[in-house]
Amino acid sequence: MLRQGLPIVFIKNGRSFKFIKMLFSTNIEGVRYNALLFLKLTLTISGDNRLTFNVKLPDKMLGVGLILAPMVGIITLSLDIYAPSLPNMMRMLSSSQIESQLTMTAYTLSLGVGQLIFGPLSDRFGRRISAITALFVYILGSLYCIVSSSVESLIIARVIQGLAASAAVVTAYAIIRDRYVGVQAAKGYGFLSSAATLGTLIGPVIGGLLQAQFHNFRAAFIVLFIFGIIALLIAVLFIEDTSRFQPRQTLNLRQVFKNYVFIIRNKSLLSYSVFSTASAILFFTLSSISPFILIEQYHVSQEAYGFYFASCALMFVIGAFCSSRWVEFLGLNRSIMIGASLMLTGAVVMLLSNLYIKENALTFIFPAWLLFGGVAFCFGPSLAAAMEDFKAMGGAASAILACLRYGFGSLLGTLFMSQFANTAVNFSLFFIAISIGLLVVIFIQYRSDK
């Protein structure tokens, strides 16, 4: 996973070298330091005054997850940190509201479509070069966003950002698939999903503070530019080509199409993909209708609304963490069944409390916690089960799953919002139907696996 033997040369009479010489004798080897990120750092000072350090990541899921987290968190952070700046951007670039919203749409669409493109490229050229290239292009896209002087150029810049972010996230998930299988893979996917949720948790808060402080939409992109540089440095130092252990796929359009057809015809993948799609439906629908329910119907302040939504994202993180700890004991299918049951419980509680107690923010948010915790509990195990049969095509399989997740998630969420009024009762009925469907799917899959 990690690059080793990266040399750092100090000037013999420089202060840095003198400081090192004060700490260690000239020819010490094997000096170890346990770093904060669970890394092992070995320092070696040779006789020619050359300092070399070797970094090795122990086989611990937490350490691997922390290395890959920036590549996944970048997709949600790039979307949510920018949202509070839309009105300011509209004024500064003299654009319409529809044009400003197209900057969000351009990013989301390129994020989904890009994963179909970069999944096979990751399989063909390897994880390391894919990760480094993706993050480098992301930095260029962020820089383009900063210097954009028209809404048209900003839309193009956001497309570049979305494509680069899609390549980064599909590579991160493929690395987990290369290194782990079964329960361990489920733990890895759960950790990465928590990293993505963290972007949703802190993105609007950071974006709001930046907007309040600088009153310029470019401040958000400057932060994303810096974040991209940090993620790139981590990738250069620590990520190696884990796909070298798998048969390397040839790259041609016909083969890519055949691979996608082969993957999409896998009944197990299609069955398990519905659970990760449910997470996208939940996030997309709640983020779209909750402002109307909480602020306009229940008269919650905008500041309080931010905390309410953040608490839901936090419950997703907690649910994913609990799943990663218990999936080894419960197994994949049982973990998924428990998560779907929690979702059904939350939707039923929301329906009953809003019908028979009182419609207010608490009767909407508290049951939503169960929904988010439940969908997170089954997210990691469902991804692990879906990708179990695709060792040599982990990138392509991950791309198919992501495309299904974003595509059907936004489609079904939009269909619901266009056909029904934005109320807590309708929202709960929608997810009662979804949860029952999920339970039917996992029951059938559980019976077939036996």
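Filter segment 386-412 down to residues that are open to solvent by 10 Å² or more (accessible area, probe 1.4 Å) and among the hydrophobic types (A, V, I, L, M, F, W, C) and give me whichever is nearest to LEU352 (Cα to Cα).
If we take residues in segment 386-412 being open to solvent by 10 Å² or more (accessible area, probe 1.4 Å) and among the hydrophobic types (A, V, I, L, M, F, W, C), then LEU412 is nearest to LEU352 (Cα to Cα).
Take the conditions small (Gly, Ala, Ser), in a helix (DSSP H, G or I) and free of Cβ contacts under 8 Å to residues at least 60 places away in the same chain and apply them to GLY373. Does it pass?
yes
Looking at (1) touching a strand residue (DSSP E or B) at 6+ places or on another chain (Cβ under 9 Å); (2) of a type in the set (A, V, I, L, M); (3) at pLDDT below 75, which is the only condition LEU237 fails?
With respect to (1) touching a strand residue (DSSP E or B) at 6+ places or on another chain (Cβ under 9 Å); (2) of a type in the set (A, V, I, L, M); (3) at pLDDT below 75, LEU237 is out only on (3).
Give the residues of segment 90-115 that are open to solvent by less than 60 Å² (accessible area, probe 1.4 Å), at pLDDT 75 or above, in a helix (DSSP H, G or I) and under 17 Å from HIS215 (Cβ atoms), sorted by residue number.
MET90
Report every pair of residues separated by at least 6 positions or lying on different chains whose Cβ atoms are under 9 Å apart, first residue within segment 160-180 and of a type in the set (Ser, Thr, Tyr), second outside any helix (DSSP H, G or I).
Qualifying pairs under 9 Å: THR171/ILE239; TYR173/MET387.
Anything in segment 147-162 that is within 19 Å of GLY73 (Cα to Cα) and open to solvent by 10 Å² or more (accessible area, probe 1.4 Å)? List them, or say none.
Matches in segment 147-162: VAL159, ILE160.
Please enumerate the residues belonging to segment 116-141 that are open to solvent by less than 50 Å² (accessible area, probe 1.4 Å) and farther than 22 Å from ILE175 by Cα.
GLY141
Considering each of ASP80, ASP59, ASP123 in turn, give the residue that is modelled with pLDDT under 65 and of a type in the set (Asp, Glu). Reasoning before the result, please.
Working: ASP80 fails: modelled with pLDDT under 65; ASP123 fails: modelled with pLDDT under 65.
Answer to the selection: ASP59.
Before we move on, is SER142 among the polar types (S, T, N, Q) and part of a helix (DSSP H, G or I)?
Numbers: among the polar types (S, T, N, Q): yes; part of a helix (DSSP H, G or I): yes.
Yes, satisfied.
Name the one entry in TYR144, TYR173, TYR189 that is under 21 Å from SER276 (Cβ atoms) and either open to solvent by 10 Å² or more (accessible area, probe 1.4 Å) or not aromatic (Phe, Trp, Tyr) (or both).
TYR173
Would you please list the contacts, defined by Cβ atoms under 6 Å and residues six or more apart or on different chains, that run from a residue in segment 185-214 that is more than 25 Å from PHE377 (Cα to Cα) and hydrophobic (A, V, I, L, M, F, W, C) to a residue that is open to solvent by less than 10 Å² (accessible area, probe 1.4 Å) and not in a helix (DSSP H, G or I)?
ILE206/ILE81
What are the residues in segment 348-365 that are part of a helix (DSSP H, G or I), hydrophobic (A, V, I, L, M, F, W, C), farther than 13 Å from LEU294 by Cβ and open to solvent by 50 Å² or more (accessible area, probe 1.4 Å), if any?
Listed by number, the residues that qualify are VAL348, VAL349, LEU352, LEU355.
Determine if segment 388-401 includes at least one residue that is of a type in the set (D, E, K, R), assigned to a helix (DSSP H, G or I) and more than 23 Å from HIS299 (Cβ to Cβ). Walk me through how you get there before you give the answer.
Our first condition is that a residue be of a type in the set (D, E, K, R); within segment 388-401, this holds for 388-389, 391.
Next cut, assigned to a helix (DSSP H, G or I) only: none.
The answer is no; no qualifying residue exists.
Is segment 322-344 home to any residue that is modelled with pLDDT under 90, open to solvent by 30 Å² or more (accessible area, probe 1.4 Å), charged (D, E, K, R) and closer than 24 Å to ASN426 by Cα?
no
So LEU429 fits all but one of (1) surrounded by fewer than 24 Cβ atoms within 10 Å (Cβ to Cβ); (2) modelled with pLDDT of 80 or more; (3) closer than 27 Å to THR105 by Cα; what number is the exception?
Every listed condition holds for LEU429 apart from (3).
The values are calculated or read from the model by the stated rules, or taken from the named source; none is laboratory data. Because the structure is a prediction, the values reported are computed rather than measured. Neighbour counts are summed over all protein chains in view; Cβ atoms, including those assigned to glycine, are modelled from backbone coordinates with ideal geometry. With ligands, DNA and RNA removed, areas are computed over all heavy atoms of the protein, side chains included. Shrake-Rupley method; radii C 1.70, N 1.55, O 1.52, S 1.80 Å.
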